[in-house]
Amino acid sequence: MRFPVQFLDELRARLPVSDVVGRRVKLRKRGREWVGLSPFNQEKTPSFTVNDQKGFFHDFSSGKHGNIFDFVMESEGVTFPEAVERLASLAGVPVPKLSKEAEAREERRKTLHDVLELAAKFFESTLASRAGAKARGYLADRGIEPAAQLKFRLGYAGAERYALKEHLGAHRIPVPDMVEAGLLIAGDDIAVPFDRFRDRVMFPIADWRGRV
C-alpha cells in the first residue's frame, strides 16, 4: 500500500519522535536530545538517543536507527503500512489513498532509491577495501573515526571510470536508471556514459525515511 508523501510528512510534523518513542521508553532531556535505555537490548547505561530536530532515533547498543515509522515497525513488529495506520490513529488523521498516477510516480521514485542504495553499499565496501586505504587515512586525519564512518555510511568512489557502472550492471540496473539517478555522466557528445563520482570520499544524503 502506497501513501502520499505529503501525508507522511504531516504525520512526522504532528508526531515528534520523542512522543512516539516516549510511549515505550522512559526518556530524559540531555541538551538537544532525549536519552533512555534501549528498548531493543538489555542495558544499564542509556545508549538510546532521540533527536526531534532531525526526526530520528539512534540506538548505539543495537545499531538501530530511523524515524517514527521505523521505530513502530521495530518495536511493535509490524509492516510499514501497519505502522503508518497506527501513527495516523495516534495523530488523529485519516489515511488517504494514492491515485494511480501518484502510485506510478512513487514506484518510480522507489526504483531510483533502490539504485542509489546499491551505489551507497558499493561505495561503503570500496572504502573498507584495500582500494580505500588512502581515503580511510584522509578521514582519520580529519578526526572522523571508523564508528562515525559506519554510522553515517561514508564511502569511497575509486578512480576507475566504469567501476560503479559495471557493478550496477551486474545487478541488472539499466543504464538509463543510473543516469536518471545522477550516478553517470551522459550526453549527446558522450559516446559511452561513465561514472560521475571518481576518486573521492562519498557522504550519502538520506531523506526522512532513511533512503539515500
Gain on full stretching of the segment that runs from Val192 to Asp207 - 0.36 nm per residue minus C-alpha separation:
2.3 nm
Subtract the Cα-Cα distance of Arg172 and Lys110 from 0.36 nm times their separation in residues, and report this length gain in nm to one decimal.
20.7 nm
Which of the following values of P(r) over Cα pairs in 10 Å bins from 0, in percent was calculated from the structure shown: (1) 8, 29, 25, 18, 15, 5, 0; (2) 9, 36, 39, 14, 1; (3) 8, 26, 29, 25, 11, 1, 0?
(3)
Taking the dipole of the range 106-202 about the Cα centre (Lys, Arg +1; Asp, Glu -1; charges at Cβ), the one of Pro146, Leu183, Leu127 that reaches farthest to the positive side is Pro146
First select every other residue whose beta carbon is under 10 angstrom from the beta carbon of Lys64; then total the charges, Lys and Arg +1, Asp and Glu -1.
-3
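On alpha carbon coordinates alone, what is the Rg over Rh value for the range 106-202, Rh being the Kirkwood radius?
On the way: Rg = 14.2 Å, Rh = 14.1 Å.
On the Cα set of the range 106-202, Rg over Rh gives 1.01.
Student exercise: in the range 106-202, how many lysine pairs 8 or more apart or on different chains have Cα atoms under 19 Å apart?
4
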Suppose every K and R has +1 on its Cβ and every D and E has -1 on its Cβ; what is the size of the dipole of the range 84-183 about the Cα centre, in Debye to the nearest 20?
180 debye
Sorting Phe69, Phe3, Phe60, Phe152 on the 10 Å Cβ count, fewest up front, what's the list?
Phe152, Phe60, Phe3, Phe69
How do Asp188, Asp9 line up, fewest other C-beta atoms within 10 Å first?
Asp188, Asp9
Estimate the FRET efficiency between Ser129 and Phe40 by the formula 1/(1 + (r/R0)^6), using the beta-carbon distance for r and 35 Å for R0, to the nearest 0.05.
0.70
Pop the C-beta distance of Asp141 and Arg23 into the FRET formula with R0 = 35 Å and round what comes out to the nearest 0.05.
0.20
Rounded to the nearest 20 Debye, what is the dipole magnitude of the chain about its Cα centre when Lys and Arg each give +1 and Asp and Glu each give -1 at the C-beta?
700 debye
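Values quoted throughout were computed directly from the atomic coordinates according to the rules given, and no laboratory measurement underlies them. Remember, it's a predicted structure, so these values are computed and weren't measured experimentally. As a convention, Cβ positions derive from the backbone with ideal geometry for all residues, glycine included, and neighbour counts pool all protein chains shown.
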